[in-house]
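Rule-based calculations on the coordinates, nothing more; no lab input. All figures in this text were calculated on a predicted structure; none of them were measured in a lab. Using ideal geometry, Cβ is built from the backbone for each residue, glycine included, and neighbour counts are taken over all protein chains shown.
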Amino acid sequence: MTRDEITAGLAEILEEVAGVNPDDVAEGKSFTDDLDVDSLSMVEVVVAAEEKFGVKIPDNEVQNLKTVGDAVSYIEAQS
Amino acid sequence: MAHTDVVVTGLGATTPLGGDVASTWDAMLSGRSGVSALTQEWAEQLPVRIAAQLAVDPTGLLDRVKLRRLDRSEAIAIIAAQQAWADAGLADSGLDPDRLGVSVGSGIGGALTLLSQDDILEASGPRRVSPHTIPMLMPNGPAAWVGLELGARAGVHSVASACATGAEAIALGMDMIRAGRADVVVAGGTEAVIHSLPIAGFSSMRAMSTRNDEPERASRPWDKGRDGFVLGEGAGVLVLERADHATARGARVYARLAGAGITSDGYDIVQPHPEGAGAIRAIAKAIADADVAKRDIVHVNAHATSTPVGDLAEIKALHQALGDHPVLTATKSMSGHLLGAAGALESIATILAIRDGVVPPTINLDDPDDGLDLDVAANKARHMEIPAALNNSFGFGGHNVALVFTRA
């Protein structure tokens, strides 16, 4: 899966869970500061991403995923 | 003792009879039933397969992402509160949020969320349980959400007294204003538990009507053929306001909330006292608190749920505490029993009866019980002057709440 494909997959999840406009989702964007994803929604994003990409994202890893790019890199490395 | 005057300046509701107050009231006056067959798959095996479901589903009325975080009882509480808020003209009034309170209760709480998340837990494991589960099922959830929507900062309260919840929440709202803790209180009740487990539970108590082949005729308070209540869902919200506050901003006033009486039976966890002793004391307290003459209370919106025992106990209580002159109605014959929202919806009906000078009908009263020796607006609305009216609500646990409303 390419980074663009992972980003597009995350955008789908973010739209479904938190109502984020997919056009706003880019690697440089911060989940909390730019996309306005709160902590409970972030939990939903993580669980949905695990399912979609077939990866495990432990809770202690989630705090390091500040931006969409961080998440894409983590998923790319795991899959 | 003279109290601070409290008036009603806004109404909101979403019910089995309509998506707002106007459509609900029209349906009541025309004697329409909101009860229908449950055609969902989960209802197939239930002994009770009828209910009064919302006329307008809340799903299309709120933002999709927001709805993911709301139990159905919370969503409809928000919808009713938004209507009441707009109706009261408070949207851009500059009301100090520190003087705005909320008192909204639910009889059962977020049971639909509890059940659906338990399904997910069983099927997919704990990690898949929604992080929104707790705020969706907590009993203070509807009050908290209404408070959040309106920015209320004078205190958000969630009464729970089963089927007396809506009325008790309104009484508490009145107390908050009388005690000087708020100028405006958004008060009412909400309930959305039409699902297999709540129905099975009530059904096992033999409390529900099993007239599955005649849904619209199933809720029949005081009729000899009554065989239990019909579960309904919905929310009702009133804007209560200190009278001089309402006057100062030129608000339209529906009615005055003149007094309330709250008692507990201390008798049985579910059976009402057979002589209605707790109800008698509640009605007497409400009349005394309101400081109105009994003869002026010419209309009663009764609790009357269509159960064999409860309907007649209330009649005895009314005889003793009020007299034999009032014209009664049981709007649950049309709306079904909204449990924690019942007292709020019926307060709205009582207020509109006073405003419009008309008692909505009790439908399905074809063969009155021999114990019914008070005048009921049976099967069609009755036009009459109503200077003051009483609304009764009783709940499992022995809760009795009576509210007196008077003409503005």
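Spin-label model, B:Asp244/B:His325: points 7 Å from Cα along the beta carbon direction are separated by 3.3 nm. Volume per residue for the protein assembly as shown equals 149 cubic angstrom (convex hull of Cα atoms).
Within segment B:190-204, find all residues whose amide N lies under 18 Å from a label point positioned 7 Å from the Cα of B:Asp119 along Cα-to-beta-carbon. Label zone hits: B:192-201.
How would B:Thr307, B:Thr210 line up from fewest to most surrounding beta-carbon atoms within 10 angstrom? Could the numbers behind the result be given before it?
Working: B:Thr307 21, B:Thr210 15.
With the sparsest Cβ surroundings first, the list reads B:Thr210, B:Thr307.
Got a sec? How would B:Asp119, B:Asp87 order by Cβ neighbour count within 10 Å, fewest to most? Present the calculation step by step, with values, prior to reporting the outcome.
Details: B:Asp119 10, B:Asp87 21.
Ranking B:Asp119, B:Asp87 by Cβ neighbours within 10 Å, fewest first, gives B:Asp119, B:Asp87.
Simple spin-label estimate for B:Val270 and A:Ala77 gives 5.8 nm between the two label positions (7 Å along the Cα-to-Cβ direction from each Cα). Ellipticity at 222 nm from helices only: DSSP H runs of n ≥ 4 in chain B, each -39500 (n - 2.57), divided by the residue count, give -9500 deg cm²/dmol. For B:Asp213 and A:Glu51, the FRET efficiency from 1/(1 + (r/R0)^6), where r spans their Cβ atoms and R0 equals 45 Å, is about 0.50. For a paramagnetic label modelled on B:Gln45 (point 7 Å from Cα along Cα→Cβ), amide N atoms under 17 Å away belong, within segment B:195-224, to B:195-204.
Per the Debye formula on identical point scatterers at the alpha carbon atoms of segment A:1-76, with no solvent, log10 I(q)/I(0) at q = 0.15, 0.22 Å⁻¹ is -0.40, -0.95.
The overall shape of chain B, judged from the alpha-carbon gyration tensor, is oblate: a/c is not under 1.5, and a/b is no greater than b/c. Loop-resident GluC sites (Glu not before Pro) (DSSP state other than H, G, I, E or B) in segment B:23-111 with no more than 13 further Cβ atoms inside 10 Å of their Cβ: B:Glu44.
For the residues B:Gly266, B:Gly125, B:Gly278, a GNM of chain B with alpha-carbon springs under 10 Å puts the largest fluctuation on B:Gly125.
Under the 0.36 nm per residue contour assumption, what length would be gained going from the current alpha-carbon distance of B:Asp92 and B:Asp227 to full extension? Spell out each step's value before the answer.
Numbers: separation 135, 0.36 × 135 = 48.60 nm, distance 4.83 nm.
Value of the extension gain: 43.8 nm.
Shielding value for B:127-133 is 4, the average number of Cβ atoms from other chains within 10 Å of each residue's Cβ.
For segment B:1-156, compute Rg over Rh where Rg is the Cα radius of gyration and Rh is the Kirkwood radius from the inverse mean 1/r over Cα pairs. Please list the in-between numbers first.
Details: Rg = 18.2 Å, Rh = 17.8 Å.
Expressed as Rg/Rh, it is 1.02.
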